[in-house]
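Structure first, then comments.
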Amino acid sequence: MSDEKIEIENEPESERKITEQALQITQDAMDQFLATADVEAVYAEAITHEKRLIIPAAEVAAFMGVGGGGGRGQGPKDEGAYGTGGGTGGGGKVFARPVAVIVSDEHGVRVNPVIDATKIYLAAFTALGFITAAWVKMSRGKLTG
């Protein structure tokens with residue numbers, strides 16, 4: 001019985017360690033993601049070409065999730081086994097894409113958007129699919145009505 005008491009007294013220490021691990025993982029992930037939101041990630045180094053100053057600009061987004069948990073359990077009464085367990089984890093994604101090019105010359109400053117043809121085609125095909133599905137559904141409704 002004294003062995004069980006020692007293990008139970010150590011339980012808060014193991015839970016504290018799990019919490020510390022989860023907090024450290026969260027802090028590390030946040031540091032990495034905040035580094036992606038730096039102005040240098042959005043605006044690239046300026047390029048000088050003849051009398052023009054060109055600055056590429058990007059959209060940067062970061063998504064993340066973290067979690068942790070712990071628990072304790074007791075084995076069969078005849079064994080008197082007692083144990084704790086836990087774990088932590090996390091993951092994320094950083095997404096960046098070019099959105100514009102800023103050009104400064106003797107005529108002034110212009111912002112030229114970057115056209116993402118793939119996005120336009122995907123949006124068009126998605127819209128076409130929805131329109132086709134709606135048309136088919138309406139046509140079937142008229143035929144059976």
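The values are calculated or read from the model by the stated rules, or taken from the named source; none is laboratory data. Keep in mind that this is a model prediction, so the values were computed, not measured. Ideal geometry is used to build each Cβ from the backbone, glycine not excepted, and the neighbour counts take in all protein chains shown. Side chains are part of the model used for accessible areas, which takes the heavy atoms of the whole protein and leaves out ligands, DNA and RNA. Shrake-Rupley method; radii C 1.70, N 1.55, O 1.52, S 1.80 Å.
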Problem set entry | Selection from region 40-71 of residues that are closer than 15 Å to Phe95 by Cα and of a type in the set (A, V, I, L, M, F, W, C) | Ala41, Val42, Ala57, Ala58, Val60, Ala61, Ala62, Phe63, Met64
Seminar exercise, completed: The residue that is nearest to Ala100 (Cα to Cα), considering only those in region 113-134 that are surrounded by 10 or more Cβ atoms within 10 Å (Cβ to Cβ) and among the small types (Gly, Ala, Ser), is Ala123
For this session: Tell me, please, whether a residue that is in a helix (DSSP H, G or I), modelled with pLDDT of 70 or more and over 24 Å from the mean Cα position of the chain (by Cα) can be found in region 43-60.
Result: no
Problem set entry | Condition check for Thr36: modelled with pLDDT under 70, under 28 Å from Ile115 (Cα atoms) and either open to solvent by less than 40 Å² (accessible area, probe 1.4 Å) or not hydrophobic (A, V, I, L, M, F, W, C) (or both) | yes
Seminar exercise, completed: Every listed condition ((1) among the charged types (D, E, K, R); (2) surrounded by 10 or more Cβ atoms within 10 Å (Cβ to Cβ); (3) at pLDDT below 85) holds for Asp105 save (3)
Exercise. What residue, among those in region 99-110 that are in contact (Cβ under 8 Å) with a residue 24 or more places away in the chain and part of a strand (DSSP E or B), is farthest from Leu53 (Cα to Cα)?
Worked result: Val99
